[in-house]
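Asks: I'd like to ask some things about the structure below.
The values are calculated or read from the model by the stated rules, or taken from the named source; none is laboratory data. Values in this document were obtained by computation on a predicted structure and should not be read as measured data. All Cβ positions, glycine included, derive from the backbone under ideal geometry; neighbour counts span all protein chains shown.
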Amino acid sequence: MLEVTNIAKEFPTRTGTARVVDDVSFTVGEREFFTIVGPSGAGKTTVLRCLTGLAKPTEGSVRFNGKEVTGPPPEFAVVFQDYARSLMAWFTVRRNVELPLRNLGLSAAERRQRVDTALAQVGLAEAGSKYPWQLSGGMQQRVAIARAIAYRPQVLIMDEPFASVDAQTRADLEDLLLRVRDETDLALVFVTHDVDEAVYLSDRVAILSRSPSRIDEIVPIDLPAERDQIGTKELPEFARLRAHVFSRIRVMVNSTEPASAH
Amino acid sequence: MLEVTNIAKEFPTRTGTARVVDDVSFTVGEREFFTIVGPSGAGKTTVLRCLTGLAKPTEGSVRFNGKEVTGPPPEFAVVFQDYARSLMAWFTVRRNVELPLRNLGLSAAERRQRVDTALAQVGLAEAGSKYPWQLSGGMQQRVAIARAIAYRPQVLIMDEPFASVDAQTRADLEDLLLRVRDETDLALVFVTHDVDEAVYLSDRVAILSRSPSRIDEIVPIDLPAERDQIGTKELPEFARLRAHVFSRIRVMVNSTEPASAH
Amino acid sequence: ACGGPELTKSADGRTALRVGIIPTIDAAPLYLGVSEGIFAKHGLDVSVHVADSGAALIPAAIKQENQIGYANVISDFQAAEQGLDIKLIHNCCGTGSDPAKDVSRVLVKPDGPIRSVDDLAHANLAVNSLHNIGEVSIKMALEKRGVDVSGIRFTPMPYSDMNDALKRGDVDAIWQVEPNVQAALAAGFTPLISNFVEARPEATLGYYLTSGAFAKQNPEVVKAFSDALDEANRFATEHPDKAREAVVTNLKFNPEIVSTANLPTYPQGLDRASAQEYATYAVRFGAVEKAPNLDELFWSGPGN
Amino acid sequence: MTAVHAARTARPGWQLAAGTVVILLVLEEVLTRTGVLPADYFPPVSQIGAALLPELAGAQLWTQVGQTLQGWFVALLLATALAVPLGLLLGTVWWVRGLTRPIVEFLRPVPSVALIPLVVLALGTGKQSELFLATFAAFWQLLVATTAGAGAVDRVTAETARCYGLTRVQTLRWVALPSALPYLMTGIRVASATSLILVVTTEILIGVPGLGAQISLTRAGGSPDLMYAYIIVTGLLGWLINIGLTAGERRLLHWDAANRDDANRDAANRGSR
Amino acid sequence: MNRRTLSALLGVVGAVATVAIWWLATENSTSVYFPPLSRILETAWEHWLSAEGRADIAASIGNLLSGLAIGVVLGIVVGVALGQVPLLHRALSPSIEFVRAIPATALLPFAMMLFGLGTEMKVFLIALGCVWPVLLNALDGTRSLEPTLRDTASVYGITGVRRQLNIVLPSAAPRIASGIRVAIPLSLILTVTSEMVGSHQGIGFVIVDAQNTFRITDMWSGVLLLGVLGFALTWLFGLAEKLLLPWEKRAERAL
Ligand SMILES: Nc1ncnc2c1ncn2[C@@H]1O[C@H](COP(=O)(O)OP(=O)(O)OP(=O)(O)O)[C@@H](O)[C@H]1O
Ligand SMILES: Nc1ncnc2c1ncn2[C@@H]1O[C@H](COP(=O)(O)OP(=O)(O)OP(=O)(O)O)[C@@H](O)[C@H]1O
Ligand SMILES: [Mg+2]
Ligand SMILES: [Mg+2]
């Protein structure tokens, strides 16, 4: 459904260009939960930006249902890493969530209902009339998630969407995503730094090398389709996959960069 | 050294005031690593803002070395949750880290040396001449950390400082903090959503209830002073503490709020 | 301007006429013509429209927004020279032959650098606008007194600011017209010359004008206006107190100052002789490049 | 929330402002009375006040105020209605901006005063001319403000709009316009004074009825007291208008960092420590 | 070809098209008030390039630049100060708004009283007019300083001049720049106004004199010159902005 073929991305710098993404290819199938992990600064956000058509890859192409992606397709929803800035300070939380629904040809009642549901799902049923800047960091992030869910996209692209929420809420939101995927045939492209989360949620996990990044490995997660926070995480296969992904990231981080050298 | 006595914080709302923090008291001793955990929206950031004197508590008081805190004392450094907005887009990374040092009466060479060290410590030795908006989210967050470390405060206040970095880098940064604490007699007030991290790093962990928040419990972490990522986390006591904190947070999250109700 | 807007008639069949004027004592007959019913008698329903800048009055007349406008004789020449289609239709105001009764004076500070008329030859002299009637008439008056005018420097500024500028010494001399002359005298300044009278006694200094197109299309209206003004001007001349009162009520002039101010003459008809003389000097002093064709500039009656 | 709060914080400011004004007035009185400032052409306030009082009682002054206010309002409204959509377009569509920039930059410094004869010829000496000149002057200022504001949209916010398939018009309305609003409101306060000034100036120069015409008449008539009285009325008008605009701005921009009550109160607390 | 050159090229196209339309529309004009562009250009060429014309331009530009510079500096300083000291803002704002609403023409006598007829009076008037857009923008820009940034500054003890230069000014800079963009043409307009009184020289003097003597073509040529100057000044300011605010280029226009 979504095909990323040999994309590379360069940024202009004072002295020439910096190659940030070198060569990344993968495909994401229908209903697939595809996760990208990798060291900080690897180029995950950059890849996502190319994927959505927000940035144009310097080389390579992105195709969605066979068509070249040149701008964000209406079937996509995105939760940005910089969630605070993606909320509009001039609208209430409700209005922020409702805004994208306006083009979907829904009645006002349907819109209201979708917004209510999504806000309740992320645990913000009572914050609807507040403004984003009156919310805590984690609450803002959940507003961004609610907005994406209420939109009911075909492809949901999330860049570290749970970075600012507590462990329990995070678990709840993870399960929410899985449930939504099952109910609405959603495909997900997900970026996270939490290896447990990556393994727990995904069908496949792609490990990105340090920038200029390539795909180090795409790990298929052969866990039972039905996941649950306690059971799944206790499986030996889970532990194995987790350890494997973690060790790959460690290798990537330590490869050349003197992280925390002193 | 740092005493927080019965602070409460209310915000004006359309219909009156909202009590966000109800009654929070704790003290932080010299060289102590004090962590606050709690559900998203509990009021952790609000407590930190009162602590630093950035916000005035509606009730109660904050004292540092016996003196009432009414504005940020020069001995404090803060890493904000909203790290991206705390960096100055008009300065390079170096300049961002160096700016606070200008008041310390250091020679240019000393300043340069401190900046270099701090940037290297967070793994950004090569990003010094970039602008914040040319960095990935995690890199920006590490710039904010480097700035705080280079400042060499007596009290370091950090609001989810590792939310956007990968697991390996996070572990490295955790150890960096512990090392800095030992070398410079730093006290830390730390907010995190990662229970493992809280237990691993802290001398004591305070669990905040949902807003209007009170302190649910302050858990002393009786682990050996020497922590290490593998060894410490394998201790049975670690697992016990971790499970305990986690269960308290779960209780808090689920207490009245219908999180992810559907 | 072709065609121009249709004239409207008021309820009682009088022709509505808007007349543009600048706020000076010269406007008194116009107001008297309205208040004394003189225009009404001639079938005209005149409304007076005041504008500070002559630069706006002539375009307004050309557009026939104000069917009638006013400009002083030099401005009239300048407009005509630039090809603006205007016709002078009636004397507005002029000067008599008694220097003491002139509406215009050149004044200096008693203790200033300029003590005599001869000193004016190298003065920095404030006028309301350059290359205009003040400059031309002053030079005329001085030449007639045998003063070399080539070294005079003229500085433009509003009348209302002149007294102050003279007091401060920004300029050496000022050219004032009534009612500001009275204020200048009250401030203790010394009058040196009465430049209008001295330039040419019994001269017409400003004319009512209209656009050529209007004059052509509505000769009888112009005639009626001209006739009415004969009467109004006569009335104003005969009743100077009423003339003073008219500008106090209509233009908010300070009654104290107006009560002592000299009034201009309000001459009959359409005087060409003085215009001829002014034209000669206007060319000489560079206010216009060549003498205007007065035959074209002056309206020659409804017969034409 | 905002209104109640504004009322609460406005009170001490009001007294302070009044105090400052009184001090300035007394200062002027003393300076002119003692002859430091020349009193005959710059009369003491008491004298201006004495000239103003009877005018205040009469209907004429209020008619003039009404006419000037009407001119100000219509011109500002017209300028806003024209400049905001155009500015949003220029701020968000780079090639339109490129195409029009030289023309815009060329037209902006054209002084309205120089246009007066042309405008009189084209539009006459009535209210239309006044409106045209005031709108013309205010328009460019608003255009610059809106263009700059629309260009200052946060990148992430803009990308959010794109990702969720907001149409061009929706993006202009819900993203570009609110982002530009802080700039625009400043622009409106700048343009409001410009509009008022041009209305009064055209009234002075071409005699459109209003406060300016009165200033011109009283100046020509040699009554500086009255002239300054009218100038002061003009200034007061500007001040009152600004009070209204500021109040409106606080409501419209209650979400802007400048007006977030709590943040400001905390900042003020810190400032006064 | 990158966007910037393309944009500049488009600008040339737009300008040429406008000139062409103007040229064609007025080519056969007989109206005294709307002369053919060809004649305006001819007049402009003759007058403004002559020694006298160049002296006029030089006189005006000198006043204009001094007035503008004073206005901008004063506007920034006062605006930034008022933006951070609410008490000062509340105390002074009525007086400021009062003065702001008074037309420059009405302030002329006051300016003359203070400075006489010379250059100072003109510079004063220009500065007084230019100061407002800059001041208000600086004020509002300062007031809406990003709260996190404000907190960062106070946490790290970045205060005083350092705070002003490193935090407040850069973050208010885009707004201040937009205020200066408004002030530039205003300075030209005020140059004209200030030269209406007591001048013998200057672009404004030429325009007003031409207007008074109905030399409309000369007047147009002056207006044309003002346009050219306005364009040049704004362009120069754009260059300066690029040098002074390099981080602004990140806003590679989001929409
Ligand atoms: N506009 C830009 N100009 C220059 N370099 C850039 C720009 N944007 C990103 N980069 C560089 O690209 C690299 C990858 O950035 P990216 O944001 O994709 O990383 P990431 O994998 O999302 O990291 P993180 O997990 O920290 O968010 C970084 O080294 C960054 O410095
Ligand atoms: N300016 C404000 N006005 C009104 N309410 C506010 C304001 N700031 C914060 N709050 C409320 O205070 C509560 C606590 O916010 P705070 O940011 O302290 O939470 P937190 O514990 O840091 O959460 P997180 O982990 O999600 O960052 C939230 O419910 C929030 O809505
Ligand atoms: Mg990223
Ligand atoms: Mg928080």
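Asks: Looking only at segment A:152-164, which residues are surrounded by 21 or more Cβ atoms within 10 Å (Cβ to Cβ) and more than 16 Å from ligand 3 (Cβ to nearest atom)? Walk me through it before giving the result.
Replies: So the first thing to find is which residues in segment A:152-164 are surrounded by 21 or more Cβ atoms within 10 Å (Cβ to Cβ), and the list is A:153, A:155-164.
Of everything in segment A:152-164, those that are surrounded by 21 or more Cβ atoms within 10 Å (Cβ to Cβ) and more than 16 Å from ligand 3 (Cβ to nearest atom) turn out to be A:Pro153, A:Val155, A:Leu156.
Asks: Whether any residue in segment A:96-104 is modelled with pLDDT of 90 or more and polar (S, T, N, Q) is what I want to check. Can you show your working first?
Replies: Just the residues of segment A:96-104 that are modelled with pLDDT of 90 or more, to begin with: A:96-101.
Adding the requirement that they be polar (S, T, N, Q) leaves A:96.
Yes; the residues of segment A:96-104 include at least one that is modelled with pLDDT of 90 or more and polar (S, T, N, Q).
Asks: Shifting gears a bit: Filter segment C:44-54 for residues that are of a type in the set (Gly, Ala, Ser) and at pLDDT 85 or above and give the result.
Replies: Within segment C:44-54, the subset of a type in the set (Gly, Ala, Ser) is C:47, C:51, C:53-54.
Hit for segment C:44-54 is C:Ser47, nothing else.
Asks: Counting just the residues of segment A:165-201 that are free of Cβ contacts under 8 Å to residues at least 40 places away in the same chain and part of a loop (DSSP other than H, G, I, E, B), which one comes out nearest to ligand 3 (Cβ to nearest atom)?
Replies: Out of the qualifying residues, it is A:Asp194.
One line per residue, one yes/no per condition, for (1) charged (D, E, K, R); (2) within 29 Å of B:Asp82 (Cβ to Cβ); (3) within 11 Å of chain D (Cβ to nearest Cβ):
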| position | (1), (2), (3) |
| --- | --- |
| E:Leu64 | no, no, yes |
| E:Ala81 | no, yes, no |
| E:Glu97 | yes, no, yes |
| E:Glu120 | yes, no, no |
| E:Ile126 | no, no, no |
| E:Leu149 | no, yes, yes |
| E:Thr152 | no, yes, no |
| E:Arg163 | yes, yes, no |
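Asks: More than 12 Å from chain A (Cβ to nearest Cβ), in contact with a Pro (Cβ under 9 Å, 6 or more places away or on another chain) and within 30 Å of C:Asn163 (Cβ to Cβ) - does that describe any residue in segment D:112-122?
Replies: Yes.
Asks: I'm told E:Trp45 meets every condition in (1) in a helix (DSSP H, G or I); (2) within 12 Å of chain D (Cβ to nearest Cβ) except one. Can you identify the failing condition by its number?
Replies: It is condition (2) that E:Trp45 fails.
Asks: Of the conditions (1) more than 9 Å from every other protein chain (Cβ to nearest Cβ); (2) away from ligand 1 (no atom under 16 Å from the Cβ), B:Arg95 fails just one. Which one is it?
Replies: The one condition B:Arg95 does not meet is (1).
Asks: Looking at (1) within 14 Å of chain B (Cβ to nearest Cβ); (2) touching a strand residue (DSSP E or B) at 6+ places or on another chain (Cβ under 7 Å); (3) small (Gly, Ala, Ser); (4) surrounded by 18 or more Cβ atoms within 10 Å (Cβ to Cβ), which is the only condition A:Ala77 fails?
Replies: Condition not satisfied by A:Ala77: (1).
Asks: Under 23 Å from the mean Cα position of the chain (by Cα), part of a helix (DSSP H, G or I) and within 11 Å of another protein chain (Cβ to nearest Cβ), is that true of D:Gln141?
Replies: Values: under 23 Å from the mean Cα position of the chain (by Cα): yes; part of a helix (DSSP H, G or I): yes; within 11 Å of another protein chain (Cβ to nearest Cβ): yes.
Here the answer is yes, as D:Gln141 does meet what is asked.
Asks: OK, next. Any idea which residue in segment D:40-81 is modelled with the lowest pLDDT, counting only those that are of a type in the set (S, T, N, Q), surrounded by fewer than 17 Cβ atoms within 10 Å (Cβ to Cβ) and more than 27 Å from D:Leu24 (Cα to Cα)? Outline the logic, then answer.
Replies: Filtering segment D:40-81 for residues of a type in the set (S, T, N, Q) gives D:46-47, D:60, D:63-64, D:67-68, D:70, D:80.
The next check asks that each one be surrounded by fewer than 17 Cβ atoms within 10 Å (Cβ to Cβ); those that pass are D:46, D:60, D:63, D:70.
With the extra rule that they be more than 27 Å from D:Leu24 (Cα to Cα), the set shrinks to D:60, D:63, D:70.
Details: D:Gln60: 81, D:Thr63: 88, D:Gln70: 92.
Among those residues, the one meeting the criterion is D:Gln60.
Asks: Shifting gears a bit: Report yes if E:Ala153 is closer than 30 Å to B:Arg152 by Cα and among the hydrophobic types (A, V, I, L, M, F, W, C), otherwise no. Give the steps one after another, and end with the answer.
Replies: Working: closer than 30 Å to B:Arg152 by Cα: yes; among the hydrophobic types (A, V, I, L, M, F, W, C): yes.
Spelling it out, E:Ala153 is indeed closer than 30 Å to B:Arg152 by Cα and among the hydrophobic types (A, V, I, L, M, F, W, C).
Asks: Here is a follow-up. Just give me the residues in segment B:151-181 being away from chain A (no Cβ under 13 Å) and more than 16 Å from ligand 2 (Cβ to nearest atom), in sequence order.
Replies: Result: B:Tyr151, B:Arg152, B:Pro153, B:Gln154, B:Val155, B:Leu156, B:Arg181.
Asks: Then there's this: Across segment C:32-81, which residue is surrounded by the most Cβ atoms within 10 Å (Cβ to Cβ) among those that are among the acidic types (Asp, Glu) and part of a helix (DSSP H, G or I)?
Replies: This residue is C:Asp76.
Asks: Tell me which helices (runs of 4 or more DSSP H) are completely within segment D:151-249 and hold 3 or more residues being within 11 Å of chain E (Cβ to nearest Cβ) and within 30 Å of D:Pro117 (Cβ to Cβ), or say none if there are none.
Replies: Values: elements: D:155-163, D:168-171, D:177-206, D:211-220.
By residue number, D:177-206, D:211-220.
Asks: May I ask you to verify whether B:Ala171 is small (Gly, Ala, Ser), over 16 Å from the mean Cα position of the chain (by Cα) and farther than 24 Å from B:Val21 by Cβ? Can you show your working first?
Replies: Details: small (Gly, Ala, Ser): yes; over 16 Å from the mean Cα position of the chain (by Cα): no; farther than 24 Å from B:Val21 by Cβ: yes.
Taking the combined requirement at face value, the residue does not satisfy it.
Asks: Let me ask something additional. Suppose we keep only residues that are within 14 Å of chain A (Cβ to nearest Cβ) and of a type in the set (A, V, I, L, M) within segment B:185-202. Which one would you say is farthest from ligand 4 (Cβ to nearest atom)?
Replies: Restricting to residues being within 14 Å of chain A (Cβ to nearest Cβ) and of a type in the set (A, V, I, L, M), the top hit is B:Val199.
Asks: While we're on this one: Working only within segment E:168-208, note down all residues that are within 23 Å of E:Ala240 (Cα to Cα), in contact (Cβ under 8 Å) with a residue 60 or more places away in the chain and not hydrophobic (A, V, I, L, M, F, W, C).
Replies: E:Pro170, E:Pro174, E:Gly179, E:Ser187, E:Thr191
Asks: Go through segment A:112-142 and give me each residue that's more than 23 Å from D:His254 (Cβ to Cβ), crowded, with 19+ Cβ neighbours inside 10 Å and away from chain B (no Cβ under 12 Å).
Replies: Within segment A:112-142, just A:Arg114 meets the criteria.
Asks: Let me ask something else. Looking only at segment C:212-247, which residues are within 14 Å of another protein chain (Cβ to nearest Cβ) and surrounded by fewer than 19 Cβ atoms within 10 Å (Cβ to Cβ)? Steps first, answer last, please.
Replies: Our first condition is that a residue be within 14 Å of another protein chain (Cβ to nearest Cβ); within segment C:212-247, this holds for C:212-213, C:244-247.
Result: C:Gly212, C:Ala213.
Asks: So, in segment C:151-194, how many residues would count as being of a type in the set (Lys, Arg) and crowded, with 21+ Cβ neighbours inside 10 Å? Give the derivation first.
Replies: Within segment C:151-194, the first condition is being of a type in the set (Lys, Arg), and the residues that meet it are C:153, C:167-168.
With the extra rule that they be crowded, with 21+ Cβ neighbours inside 10 Å, the set shrinks to none.
Counting residues in segment C:151-194 that are of a type in the set (Lys, Arg) and crowded, with 21+ Cβ neighbours inside 10 Å gives 0.
Asks: Among the numbered conditions (1) within 16 Å of ligand 4 (Cβ to nearest atom); (2) assigned by TED's automatic domain parsing to the domain that holds B:Asp194, tell me where B:Ala144 comes up short.
Replies: (2)
Asks: Further, regarding this structure: Cβ-Cβ below 8 Å, separation at least six or inter-chain, first residue in segment C:191-213 and over 15 Å from C:Lys87 (Cα atoms), second of a type in the set (Lys, Arg) and part of a helix (DSSP H, G or I): which pairs?
Replies: C:Val197/C:Lys101; C:Glu198/C:Lys144; C:Ala199/C:Lys144
Asks: How many of the residues in segment B:209-223 are farther than 15 Å from B:Val245 by Cα and either surrounded by 20 or more Cβ atoms within 10 Å (Cβ to Cβ) or within 16 Å of ligand 3 (Cβ to nearest atom) (or both)? Quick ask: steps written out before the conclusion?
Replies: We begin by selecting, within segment B:209-223, every residue farther than 15 Å from B:Val245 by Cα; these are B:211-214.
Still in the list and also either surrounded by 20 or more Cβ atoms within 10 Å (Cβ to Cβ) or within 16 Å of ligand 3 (Cβ to nearest atom) (or both): B:211, B:213.
Count: 2.
Asks: Among the candidates B:Val28, B:Val47, single out the residue that is of a type in the set (A, V, I, L, M) and either over 22 Å from A:Met139 (Cβ atoms) or outside the structural domain of B:Ser209 (by TED's automatic domain parsing) (or both). Outline the logic, then answer.
Replies: On the way: B:Val47 fails: either over 22 Å from A:Met139 (Cβ atoms) or outside the structural domain of B:Ser209 (by TED's automatic domain parsing) (or both).
Among B:Val28, B:Val47, only B:Val28 is of a type in the set (A, V, I, L, M) and either over 22 Å from A:Met139 (Cβ atoms) or outside the structural domain of B:Ser209 (by TED's automatic domain parsing) (or both).
Asks: Related question: Note down all Cβ pairs under 6 Å where the first residue falls in segment A:33-59 and is more than 14 Å from chain B (Cβ to nearest Cβ) and away from ligand 2 (no atom under 16 Å from the Cβ), the second is acidic (Asp, Glu) and not in a strand (DSSP E or B), and they're at least six residues apart or on different chains.
Replies: That search, which allows pairs on different chains as well, returns A:Phe33/A:Asp203; A:Leu54/D:Glu159.
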